[in-house]
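K.L.:
One structure follows; several queries about it will come next.
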Amino acid sequence: MIYHNGLNGTSPKGRPGPRSLIASFLRGYSWEPSSVFDEPGGVSVVTDLREPVGESPDRRDPDGSVQAAGERFREHLERYLGALQEHRRTGSDPVTPESLYFVDGVPEALREIVGFRMRGHARAMMGAFILPRHHRSAVPNGRPSLASFLSKPPRSIGYAVEPTAPGQITIFLPDLTESIPDFMERLRGQGGSAINVDANVIDIAFDLRLSNPSEIRKHSHAVARPARSVFRTIGGHVVSGVSVGLQQTLHKEDRFVALAAAVQHRPSGDIPLPTLAVNRSILALQSPLGDQAVDGAVRSTLAFHPDTASDEHLLGPCYERMMGTSTQGLTLAG
């Protein structure tokens with residue numbers, strides 16, 4: 001990178017002046033000594049020390065362990081989608097095998113595998129959330145919806161963990177080399193350490209079960225009909241799906257909103273997603289779709305057109321090779 005004298009505050013002899021040195025430092029540049037500095041009318045040579053875009057994976061993940069961990073998350077989600085497809089094929093009730101999500105339970109709470117993507121993270125992770133039991137639920141191990149739980153986390157619930165601060169949730173995380181089934185088995189036998197996370201730094205979350213009634217959800221359906229909507233995130237992802245709370249002012253105080261039958265619209269093509277609990281803070285634009293066809297509605301405006309959207313998978317790059325299984329038409333817990 002070359003800057004000419006007079007344009008960047010160099011001294012008359014071609015050496016960098018104080019102002020240009022400071023400006024270059026703030027931009028991540030370093031001045032290189034060069035003989036041209038001593039030449040009249042010379043130029044100042046600057047080296048860009050910032051990391052290049054697309055940094056070599058060998059430097060960031062030399063042993064491939066981070067990539068392997070992402071693959072294990074993807075594999076577990078594929079197991080779940082495969083189980084759902086089998087239920088649909090055989091015509092049986094769409095009840096997810098508890099072995100895919102249920103860790104264990106105590107009288108007032110349970111631990112369950114949940115996928116989530118936190119702000120600043122490149123991929124969705126999986127961990128065991130402590131969730132309050134819903135004792136009036138007709139479903140085994142019933143609990144409130146994920147969107148409801150994340151919107152208003154209870155202060156402290158079971159498992160003898162330290163009381164969390166308001167707005168925080170407790171999550172147990174697998175080791176970098178553990179598969180999710182091995183992680184679940186370890187929690188049941190040996191236990192594990194937990195972290196407390198501010199629910200507001202979670203951008204999206206999804207669970208691995210179908211049947212999950214809650215009083216809030218029943219109340220929602222009583223006062224508002226589910227409607228198909230489309231939104232664009234601040235990261236440029238365009239997603240459509242069916243929601244009760246996205247457009248209704250009744251739900252504006254809920255930090256998270258559930259989106260079922262979710263589809264991500266990308267320049268490279270549409271991909272189905274599991275039902276999501278979406279943090280409202282990541283929504284840049286949103287619009288109801290009404291009764292018109294989703295594809296035509298999304299393409300009818302530049303604001304949501306797939307060609308203007310991010311091509312990154314909403315769950316992260318490691319999930320790209322997933323979903324030979326389709327999630328469309330499935331109504332997951334929300």
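None of the figures in this text is laboratory data; all of them are computed from the coordinates on show. All values reported here derive from a predicted model rather than from experimental measurement. FYI the Cβ positions are ideal-geometry reconstructions off the backbone, even for glycines, and counts take in every protein chain you see.
K.L.:
Which residues' amide hydrogens lie under 5 Å from the amide hydrogen of residue 124, considering only partners 5 or more residues apart or on another chain, with H built in the peptide plane?
P.N.:
Amide H neighbours of residue 124, under 5 Å, 5+ apart: 316.
K.L.:
State the extension gain, in nm to one decimal, for the chain segment bounded by residue 190 and residue 66, taking 0.36 nm per residue of separation less the distance between their alpha-carbons.
P.N.:
On the way: separation 124, 0.36 × 124 = 44.64 nm, distance 2.40 nm.
Here the segment from residue 190 to residue 66 would lengthen by 42.2 nm.
K.L.:
For segment 103-162, rounded, prolate or oblate, judged on the Cα gyration tensor with a ≥ b ≥ c (square roots of eigenvalues), a/c < 1.5 rounded, else prolate if a/b > b/c? Display every interim value, and only then the final one.
P.N.:
Values: a/c = 1.86, a/b = 1.66, b/c = 1.12.
In terms of gyration-tensor shape, prolate.
K.L.:
Something else: Using θ = phi - 60° and the Karplus form 6.51 cos²θ - 1.76 cosθ + 1.60, what ³J(HN,Hα) does each residue of segment 285-299 get, whole Hz, x for Gly and Pro?
P.N.:
9, 8, 7, x, 9, x, 9, 6, 4, 4, 4, x, 5, 5, 7
K.L.:
Quick one: what are the phi-derived ³J(HN,Hα) couplings along segment 67-76, Karplus 6.51/-1.76/1.60 with θ = phi - 60°, whole Hz, x for glycine and proline?
P.N.:
So the J values, rounded to whole Hz, are 4, 5, 4, x, 5, 5, 4, 4, 4, 5.
K.L.:
Rounded to the nearest 0.05, what FRET efficiency do residue 90 and residue 136 give with R0 = 45 Å and r taken as the Cβ-Cβ distance? Could you check?
P.N.:
0.90
K.L.:
Taking R0 as 30 Å, what's the FRET efficiency between residue 106 and residue 152 from their Cβ-Cβ distance, rounded to 0.05?
P.N.:
0.90
K.L.:
Right, next: Quick check: residue separation of residue 165 and residue 75 times 0.36 nm, minus the Cα distance between them. What number comes out in nm?
P.N.:
The span from residue 165 to residue 75 would gain 29.1 nm if fully extended.
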